[in-house]
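Notes for the one structure printed next.
What follows is calculated from the coordinates using simple rules that are stated; it is not laboratory data. Everything quoted here is computed from the prediction, not taken from an experiment. Using ideal geometry, Cβ is built from the backbone for each residue, glycine included, and neighbour counts are taken over all protein chains shown.
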Amino acid sequence: MPDQIPITKDLKIFVPTKDYELSIAFYTSLGWTLNWKSDGLAEVELASQRMLLQKYYAKDWANNFMSYLNVESAQAWYEHVEAILKERKFEGARANPPKEEDYGAIVTYVWDPCGVLLHFAEEVKKDS
């Protein structure tokens, strides 16, 4: 076993899309920046975190894919997403109101048009 782990410079996740252009529009409407786009891959960025939307869909994978975003306010994200969804129809996209979870976070659950689940999670300080 080597003494040191090789340096890693970045980590990006590949996110499935059912309708590639619709997913790009969804994420950019929510505030992600489109850094670049090719025929089958697009990099989007939010708060210096990037992911790759790919023109690939497998229902079982998409319906089990989740991303966790640590945010200051789950309520603010819920209101933001709801306003976007009222303004523009993104078929399949939806949001649930914030819910406090046992593990110490208030979470707004948002499903993108493909079925990918985004957790907008606000950490809750527990009294010791």
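From the cross-link list Lys18/Lys86; Lys86/Lys125; Lys55/Lys125; Lys55/Lys86; Lys55/Lys89, which pairs have alpha carbons spaced over 29 Å apart?
Values: Lys18/Lys86 21 Å; Lys86/Lys125 32 Å; Lys55/Lys125 39 Å; Lys55/Lys86 26 Å; Lys55/Lys89 20 Å.
Table pairs above 29 Å Cα-Cα are Lys86/Lys125; Lys55/Lys125.
Of the residues Thr33, Thr17, Thr108, which exhibits the maximal mean-square fluctuation in a Gaussian network model of the chain defined by a 10 Å Cα contact cut-off?
Its mean-square fluctuation being the largest, the pick is Thr33.
Rounded to whole Hz and in sequence order, give me ³J(HN,Hα) for the range 74-87 from the Karplus expression 6.51 cos²θ - 1.76 cosθ + 1.60, θ = phi - 60°, writing x for Gly and Pro.
5, 5, 4, 5, 4, 4, 4, 5, 4, 5, 5, 5, 6, 6
Would you mind checking which residues have amide H under 5 Å from Lys18's amide H? H placed 1.01 Å from N; only 5 or more apart, or other chain.
Those qualifying (amide H under 5 Å, at least 5 residues apart or on another chain) are Cys114.
How far, in nm, would the chain grow between Glu123 and Thr33 when pulled straight, counting 0.36 nm per residue and subtracting the alpha carbon separation? Working shown, then result.
Numbers: separation 90, 0.36 × 90 = 32.40 nm, distance 2.48 nm.
Contour length minus Cα-Cα distance gives 29.9 nm.
Quick one: if you stick a label point 7 Å off each Cα along the C-beta vector at Glu79 and Gln54, how many nm between them?
3.8 nm
In whole Hz and in residue order, list the ³J(HN,Hα) couplings for the range 55-72 that follow from phi through the Karplus curve 6.51 cos²θ - 1.76 cosθ + 1.60, θ = phi - 60°; x for Gly and Pro.
Ordered by residue, 3J(HN,Hα) equals 7, 8, 9, 9, 3, 4, 5, 4, 6, 10, 8, 9, 9, 10, 10, 7, 10, 6 Hz.
Less than 15 Å from a label point 7 Å out along the Cα-to-Cβ axis of Leu11: which backbone N atoms in the range 35-78 qualify, by residue?
49-52, 66-70
Connecting C-alpha atoms closer than 10 Å in a GNM of the chain, tell me which of Val71, Val110, Val81 has the biggest fluctuation.
Val71
Given H placed on each backbone N at 1.01 Å, which residues far from Leu41 in sequence or on other chains put an amide H within less than 5 Å of it?
Here the answer is Lys55, since their amide H atoms fall under 5 Å of that of Leu41.
Using a Gaussian network for the chain with springs between C-alpha atoms less than 10 Å apart, which of these wobbles most: Ala47, Ala62, Ala83?
Ala47
Counting only C-alpha contacts under 8 Å and six or more residues apart, can you give the relative contact order of the range 1-98 as a whole percent? Spell out each step's value before the answer.
Values: 104 pairs, mean separation 24.7, N = 98.
Answer for the range 1-98 is 25 percent.
What ³J(HN,Hα) values, in whole Hz, does the Karplus curve 6.51 cos²θ - 1.76 cosθ + 1.60 give for the range 90-98 when θ = phi - 60°, with x put for Gly and Pro?
10, 3, x, 7, 7, 9, 9, x, x
Can you give the extra length, in nm with one decimal, that the chain gains between Tyr103 and Gln4 once fully stretched, where that is 0.36 nm per residue apart less the Cα-Cα distance? Walk me through the numbers on the way to the answer.
Numbers: separation 99, 0.36 × 99 = 35.64 nm, distance 3.31 nm.
Gain in length upon complete extension: 32.3 nm.
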